[in-house]
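Only the coordinates and a few stated rules stand behind these numbers; no lab work does. This is a predicted model, so every value here is computed, not measured. Glycine gets a Cβ as well: all are built from the backbone with ideal geometry, and neighbour counts include every protein chain shown.
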Amino acid sequence: MPDLSAVELIDILPFIAIGFAAQLVDGALGMAFGVISTTMLMGFGTSPQAASASVHAVEIFTTGASGLSHSFHRNVDWRLFLRIAIPGVIGGCLGAYALVWAGENARPFVLAYLAAVGFYLLWRGLTHGHQERAPRVVEPLGLVGGFLDASGGGGWGPIVTSNLLIQGMSPRKVIGTVNTAEFLVTLAISATFLVALGPEAFTLVTLGLLIGGVAAAPIGGYVAKRVEARRLLLVVAVVLLITSLYGLYRAVA
């Protein structure tokens, strides 16, 4: 665990800012905290395992605060919550162990898939109105999203949120429900990393991300409630494209 007695504000201020920005995007759009934060941590030389462990430790607090915000603003479909949270927990635990023992060889393929989804959502947002309808595929999304989120340091929001949007669900309800379910998924992933890697996997960077992320979490629910559905769909597509294409570039460069 980090030695808090040796921490100075100037050392963690950049990570506070990154945590705040990443969580503001995640809370409003239902995705990107893990992708943004993991990319930053690995840029500072953190191993994929330690980066994913640190990000998920922070997300216990940010997703908890964000979930409360979305619940207050009535953005959560509780039936959908159960359908994605339970398989998400199972997939998250399996993904954490896969990353510890097998690394992240699948990351370029996952990022390429996410970029393709981003292009589809952008096209749909520009050329079609959003028509709400009940989703047909839910539980497999939770399982796959949890696995890839743990093994790739991010992916729960992009995979689950984007696919539910493709199926026609309300962006506000999707974002609120996926963010709230992520709390349970993240809790399970963090516990798995703690058992597999020990407390030394968590770094001082985690502290900065935690402070910034928790500060921004209550704002996301309000933003998601106020933004018009089609505009929100376009913003989700752009954010997904930017993060996935940059991550793909970093993975193959």
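A few comments on the model shown:
- FRET efficiency for the GLU139 to ILE166 pair, using the beta carbon distance and R₀ = 22 Å, is estimated at 0.85.
- Nearest-0.05 FRET efficiency for ARG226 and THR127, computed from C-beta distance (R0 30 Å): 0.80
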